[in-house]
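To start, the structure itself, in structure tokens.
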Amino acid sequence: MTEMTDAPATTPLLEARALGFHRQDEPVFGPLDFRLAAGELMLIEGDNGSGKTTLMRILTGLLRPEEGELLWRGEPLTWDRCSGEVVFLGHQLGLKAELSPRENLAFTIGLHGHRNQSDIDGALRQVGLTGYEDEPVRKLSAGQKKRVALARLLLIPAALWLLDEPYANLDRSGIELVDALLEAHIAHGGAALVTSHGAVQFHGGEPQRIRLHA
Amino acid sequence: MANWIPLWLHKLSSPPVFYRFAGVLRPWAIALAVLLGLVALYGGLVLAPPDYQQGDDYRIIFIHVPSAWMSLFIYGVMGVAAFIALVWRIKLAEVVAMASAPIGAAFTFITLVTGSLWGVRMWGTWWTWDARLTSELVLLFLYLGVIALYHSFEDRRQGARTAAFLALIGIVNVPIVHFSVVWWNTLHQGSTIKLLGPSTIAPGMVWPLLTMMVATKLYYVASLCSRARADLLALESGKDWVRQIAENEVRG
Amino acid sequence: MLDTRRPGLVHACMAVLRRDLTLAWRQRGDMMLPVLYALIVTSLFPFALGPESALLRRIAGGAVLVTVLLAMLLALDAMFRSDIEDGSLEQLMLAPQPLALMMGMKILAHWLATALPLIVIAPLLAGMLHLPGAVMPVLLAALLLATPLLSLLGGILVALTAGTRRSGMLLALMLLPLCVPVVIFAAGALAAAQEGLPWIAPIAWLGAALVLAVVLAPLACAAALRIALDS
């Protein structure tokens, strides 16, 4: 994998200027400003209902921000501009219960393509699902399903990872897996935004932190 | 072309300004609508001469025809508002589109009921699959679909935008339905029924009809004003101007 | 930039089609439900109208048409429902592929899984109602053109209800005005064929409408989805 820093160093990958969102005119989260460059990690912390998921959906471009600006590589972010460069892992994992992990990932690759030197079996091995490749996803545990979704991160060639509560449902080794994936992604010049309602220890350098209040 | 019109429209699209504007407009519109409606009814039911073929039965047109016009007119307004709501995402346009739908549905319903009452006397049947009747029925279903879709969303603005999209699909659909029903009818039986019995209408019948048309338009304006005001209050309930109105209500 | 192999359009289309068809095949019990429903409805007609074959022959074409339409309506709600619930629709929207084309593929897969079985048993349904054999090809032609039209129109409406919880009755209410012309032309062709009149004109109209819908409906479907999920 090569570095993904062909954009000028001054232009961050993602930049928010006074970003705000209302639902039925109730503010969901206040004006937010942040810059996320390649090779950076940002943690978004906040309690339940503080708008973390809403923020994530806005950052994917699925939801329109009501106030402020969101720039992707220096230009206003729309869903078609960043599509393919962003991978989103939400509460709903986007897995088909009737298909096996292998089939689910094959579909992902069919849409997104895959990184060089990555393949489905390798990715499944890396997330610790060897032996479960051909089980239907509905037979897997919640943690294992999450691991299938994490395998998608290894395959999709995306510069920015948006991970909404990636630690939920995971055991200790799963949490270490997420940390290891993030570290490798950052080390290779990727960027990531991670939400969490608890404290997160991250070993690969000090991340930026944003706190949302309900 | 002076640019005060777009400027004025832009100002009007702000919810508090429209709220006040609609509040002033509404009583005038409703008073005029009632007045003109009564005049038109008197003119239509008492003064106008009986038809040489239909006798007094035709007098239902003074309700039926203006309602039919309104059912199409309001769909047009709703379509334009829906388009504005989707393209420029103006909140007032969403409100106007969604407030128009029930009024339009009501006029469509009146049109169908009065038409069928008239049909019993004239054609001896409540219902016939004539192109106009069928199109009107489809129009009613379109209105009902828009209303139902709007109310099936928890988020009202999202519901309004989605229903606006459906309203636009409907605009394409109505002419297609009309055309296909005409084609269908000529295939089956040939259209033997003309909606208006007399081919030339007596002048004594024209002015009550036109007066009633103005009255229904004014009623629509008044009804739209009060519905839009209520919707705006609900949508903007968190805003300062609504809070001020509420405080004034409590004090006054 | 990342050195990647971004899949081509054809590849992505095949991926969507293959996944949806695999899913349909894994749940082929569900696939049989509309077929069963159509059989039940059709067998009710003789009970309701009497077994007199002249009468049945007269209504056969229209009855089969309406039955197939209702059976499709039954399955319509499920078109994107599971994709919305498990989040795969969001993943599809974030993929670097034109959403309209992907929706078109999903509609095609849905048509193959629900309408095609109905078309296959349509001769049986028509036979139950004594449709003359000569009209059978016209029935099949009408169904082959009308059912994809309904799938495409239905796809737009299902996308519009994507943000709501349950939508069965709502879909029926919204689809009715849209399918009136489709039914009229399909039934018109059948009626003309039954009376020995030329039936090519209504079939041609259906074909023209289908061509338009194939181009426009996926675009409308994608737009509707973006509106319906934008909140």
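Coordinate-derived values only; no laboratory data. Computed from a predicted structure; not experimentally measured. Here the Cβ positions follow ideal geometry from the backbone for every residue, glycine too, while neighbour counts run over all protein chains shown.
Exceeding 32 Å between C-alpha atoms, which entries from my cross-link table qualify? They are A:LYS52/A:LYS139; A:LYS146/B:LYS91; A:LYS145/C:LYS106; A:LYS52/A:LYS96.
A:LYS146/B:LYS91
Would you kindly calculate the translational diffusion coefficient of the protein assembly as shown, applying Stokes-Einstein with the Kirkwood radius from alpha carbon pairs, for 37 °C and a viscosity of 0.692 mPa s, and quote it in µm² s⁻¹ without decimals?
Using the Kirkwood radius from Cα pairs, D works out to 114 µm²/s.
What translational D, rounded to a whole number of µm²/s, comes out for the range C:1-105 from Stokes-Einstein when the hydrodynamic radius is the Kirkwood one over Cα pairs, at 4 °C and 1.567 mPa s?
Diffusion coefficient, whole number: 76 µm²/s.
Antiparallel as a % of all DSSP beta bridges within the protein assembly as shown, to the nearest 5?
45
Over its Cα atoms, what ratio of radius of gyration to 2.2 N^0.38 Å does chain A give?
This ratio for chain A stands at 1.00.
Net charge near A:GLU165: determine it from the other residues with C-beta under 14 Å of the C-beta of A:GLU165, scoring Lys and Arg +1 and Asp and Glu -1.
Result for the neighbourhood of A:GLU165: +1.
Given points 7 Å out from each Cα along the Cα-Cβ axis, report the B:TRP88 to A:ALA18 separation in nanometres with one decimal.
For the pair B:TRP88/A:ALA18, the computed spacing is 2.2 nm.
Cα centroids of the range C:1-57 and the range B:1-43: how far apart, whole angstrom?
52
Quick one: which residues, 5 or more positions from A:ILE44 or on another chain, have an amide H under 5 Å from its amide H? H modelled 1.01 Å from N in the peptide plane, none for Pro or chain starts.
A:VAL194, A:THR195, A:SER196, A:ILE210
Between A:ASN116 and B:GLN54, what is the label-point separation in nm under the 7 Å Cα-to-beta-carbon projection?
8.1
Using a simple charge model, +1 on the beta-carbon of Lys and Arg, -1 on the beta-carbon of Asp and Glu, nothing else, what dipole does the range B:54-131 show about its Cα centre, in debye to the nearest 20?
240
If Rh is defined by the Kirkwood formula over all Cα pairs and Rg also comes from Cα, what ratio Rg/Rh do you get for the range A:136-177?
0.98
Modelled label-to-label distance, A:GLU66 and B:PHE21, 7 Å Cα→beta-carbon offset: nm?
2.2
Report the Rg/Rh value for the range C:9-229, based on alpha-carbon coordinates and the Kirkwood definition of Rh.
Result for the range C:9-229 is an Rg/Rh of 0.99.
Kindly provide the Kirkwood hydrodynamic radius of the range A:98-149 in Å, to one decimal, from all pairs of distinct alpha carbon atoms.
Here the Kirkwood hydrodynamic radius works out to 11.0 Å.
Between B:GLU154 and A:HIS213, what FRET efficiency comes out of the Förster formula 1/(1 + (r/R0)^6) with R0 = 22 Å and r the beta carbon distance, rounded to 0.05?
0.40
So how do A:ILE109, A:ILE44 line up by other beta-carbon neighbours within 10 Å, fewest first?
A:ILE109, A:ILE44
Which whole-Hz couplings ³J(HN,Hα) result when phi for each residue of the range B:7-18 is put into the Karplus expression 6.51 cos²θ - 1.76 cosθ + 1.60, θ = phi - 60°, listed in order with x for Gly and Pro?
4, 5, 5, 4, 5, 5, 6, 6, x, x, 5, 5
Going out from 0 in 5 Å bins, what whole percent of all Cα-Cα distances in chain B drops into each bin?
The calculated distribution, bin by bin, is 1, 6, 11, 14, 15, 15, 13, 10, 7, 4, 2, 1, 0, 0.
To check my understanding: the extent here is largest minus smallest coordinate of the Cα atoms along each principal axis. What are those three numbers for the range B:59-192, in Å, largest first?
That works out to 48, 31, 22 Å along the principal axes.
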